[in-house]
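**Student:** Dropping the structure in here first, questions after.
The values are calculated or read from the model by the stated rules, or taken from the named source; none is laboratory data. Keep in mind it's a predicted model, so treat the numbers as computed, not measured. Please note: Cβ atoms are built from the backbone with ideal geometry, for glycine as well, and neighbour counts cover all protein chains shown.
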Amino acid sequence: MNRFIKRLPVFAAAGALSLTAAWALIPQPTAEACMHPPREFKYPIKAGAQRGLILFSDGHEELVIRPSYKVEGEGLKVKNDAVEGFTTLAWIVPVPNLPDTYKEADAKLFTELGKFTEPKEPVWRGDPRNAEDPTDDAHDEKEGAEFLEEVKVGDYTIQPVKAKGEIGAVELNGWLKDNGFGEVDAKVMKHYIENSYYWLAVKLHRDEGLPQNGEVKPLQIGFDTDKPVYPMKINQGRGSFDLELWVISADEIDTEKTKAQGLLTVKQKDPAMYQANRKTEYARLPKVVKDLADSDAKLKKLKEGDLYCYRFFGAGMDDKVDLAKLESDLGFPTKSSELMKKEMK
């Protein structure tokens, strides 16, 4: 089957993203969501904080994101926790390469991760692994938008798109507008196109209706990348929101570098606390996390030796943290890579 679908005619507008969820340790100011309901749905969608997980090994990432929202408005009709007329949400996830896996992740994932990495007061006995580490494919270059084979996973429908050049940006913008994905800022669009990202146009749909205070199943996406990445610049100009993010890797992350991006570890948030299981091993991860990793053979090296499990908090993203100043999406430099750079100088 040809994976590429016909090019669409040139249009004039744009599309957008927001992936949102609620979490416990940061206050949750609401912001207008970049998640788009059906055009005829008249009630506003409010966004809380984002939750995400990155599992990274040997040039491959499994990214899990969990949308969360709240529908508000006088006269809203709710029956059996489903909002009348509210059957669809649409948003965009930009990724550096075309994914090879799409799945619905376990609904318990972030609850279990929260327990596994809970903040604690220092204890100078027991397993030292529970303590805070003190060191703390080539493509055709022709411009345009290529619409790849649509993917259906549970309640999600995902349309991957590769846009190249100014023509691709215009074609993609027009399609996004016509298909209910809102508007992407021109500078943000330019950033992702110049970095050859793929666009995942995601729609969540349930005929019986979506819940008013919605936490739906997390969406898992697997793709190749030379370093772990979390899509963030797509939220630029969308209003303040909070982020809770876990990163699991065999490499120790330079947390001073991530701090400069607006991400704080437990200890950076509160020096009197430490994060449980920051240094760990595969066998000790929560079962729901191991099940996720076991489903992808490209993550098999995570089973070898020590692992680092980081829990990051980002408060006031695109407010206290100006996303316009980020040169790229959130990245996670390792201490070994920084040491190599110094040695090469």
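**Student:** Scan Ile158, Ile54 and give me the residue that is closer than 20 Å to Leu264 by Cα, at pLDDT 95 or above and assigned to a strand (DSSP E or B). So that I can check it myself, show each step before the final result.
**Tutor:** Numbers: Ile158 fails: closer than 20 Å to Leu264 by Cα.
Criteria check complete, one pass: Ile54.
**Student:** Right, here's the next one. Which residue pairs have Cβ atoms under 8 Å apart, sit 6 or more places apart or on different chains, and have a first residue in segment 237-264 that is more than 25 Å from Gly305 (Cα to Cα) and a second that is of a type in the set (Val, Ile, Thr) and surrounded by fewer than 21 Cβ atoms within 10 Å (Cβ to Cβ)?
**Tutor:** Asp242/Ile26; Glu244/Ile26; Gln261/Val321; Gly262/Val321
**Student:** On to the next question. Restricting to segment 161-179, name every residue that is crowded, with 20+ Cβ neighbours inside 10 Å and outside any strand (DSSP E or B).
**Tutor:** Gly168, Ala169, Val170, Glu171, Leu172, Asn173, Trp175, Leu176
**Student:** Within the group Lys203, Lys190, which residue is among the basic types (Lys, Arg), over 18 Å from Asn235 (Cβ atoms) and at pLDDT 90 or above?
**Tutor:** Working: Lys190 fails: over 18 Å from Asn235 (Cβ atoms).
The conditions single out Lys203.
**Student:** Any idea which residue in segment 99-123 is nearest to Thr265 (Cα to Cα), counting only those that are surrounded by 16 or more Cβ atoms within 10 Å (Cβ to Cβ) and within 16 Å of the chain's Cα centre (by Cα)?
**Tutor:** To start, the set of residues in segment 99-123 that are surrounded by 16 or more Cβ atoms within 10 Å (Cβ to Cβ) comprises 99, 102-103, 105-106, 109-110, 113-114, 116-117, 119.
Then drop every residue that is not within 16 Å of the chain's Cα centre (by Cα), which leaves 99, 102-103, 105-106, 109-110, 113.
Numbers: Pro99: 29, Tyr102: 29, Lys103: 28, Ala105: 25, Asp106: 25, Leu109: 20, Phe110: 17, Leu113: 15 Å.
Ranking the qualifying residues of segment 99-123, first place goes to Leu113.
**Student:** Let me ask something else about it. Would you confirm whether any residue within segment 225-233 is surrounded by fewer than 20 Cβ atoms within 10 Å (Cβ to Cβ), part of a loop (DSSP other than H, G, I, E, B) and touching a His at 6+ places or on another chain (Cβ under 8 Å)?
**Tutor:** Of all residues in segment 225-233, those surrounded by fewer than 20 Cβ atoms within 10 Å (Cβ to Cβ) come to 225-227.
From what is left, the residues that are part of a loop (DSSP other than H, G, I, E, B) are 225-227.
With touching a His at 6+ places or on another chain (Cβ under 8 Å) added as a condition, the list becomes 225.
Within segment 225-233, one or more residues are surrounded by fewer than 20 Cβ atoms within 10 Å (Cβ to Cβ), part of a loop (DSSP other than H, G, I, E, B) and touching a His at 6+ places or on another chain (Cβ under 8 Å).
**Student:** Filter segment 63-104 down to the residues that are at pLDDT 90 or above and of a type in the set (Lys, Arg) and list them by number.
**Tutor:** Lys103
**Student:** Another one. Please note which helices (runs of 4 or more DSSP H) are completely contained in segment 236-345 and include at least 1 residues that are crowded, with 19+ Cβ neighbours inside 10 Å and within 18 Å of the chain's Cα centre (by Cα). Reasoning before the result, please.
**Tutor:** On the way: elements: 255-259, 266-269, 287-294, 335-344.
Result: 255-259, 287-294.
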